[in-house]
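Some notes on the structure that comes next.
The values are calculated or read from the model by the stated rules, or taken from the named source; none is laboratory data. The structure presented is a predicted model; accordingly, all values stated were derived computationally and were not measured. Heads up, the Cβs are rebuilt from the backbone with ideal geometry, glycines too, and the neighbour counts pull from every protein chain shown.
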Amino acid sequence: MSGKSKGDKCKPTEYTKMKNTLLDLQNRRYIAQSKDKTIDEKMAFKKLLVDEMFNYFDSDNNGLVDTNELSQVIKRDELGKDLSDCSLFDLLKYDDYNSDKHLALEEFYRAFPDNSQPL
């Protein structure tokens, strides 16, 4: 797979679904979810998931996620077929705010904001 998004097929609603799927996968990968958490605990938990996901994606630990690392995650986790019309490369398309072709942790936080739906 090349370092390109799936183009115009990835609509904002599908992109949101993909990001929720990524959070769910991260949740299952690292932490068993508790049903009796407060909203504040759920928001802190979501931030932890985003931190863990960023660290998982950032395989060279340089503080940036690039297309090569996204490709590695797609292959490692076989995500090419599971994320509807969107791909991990759409993270760069939609959330690379400074257009440097990398995602920093701050851009990950903006892609997966604490104020959205708690898990």
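Listed values, structure above:
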{"quantity": "Residues within region 9-32 that are modelled with pLDDT of 85 or more and basic (Lys, Arg), tallied", "calculated": "3"}
{"quantity": "Answer from Lys42, Lys35, Lys4, Lys81 - the residue that is assigned to a helix (DSSP H, G or I) and at pLDDT below 90", "calculated": "Lys42"}
{"quantity": "Qualifying positions in region 61-78 - assigned to a loop (DSSP other than H, G, I, E, B), free of Cβ contacts under 8 Å to residues at least 24 places away in the same chain and either charged (D, E, K, R) or surrounded by 13 or more Cβ atoms within 10 Å (Cβ to Cβ) (or both)", "calculated": "Glu78"}
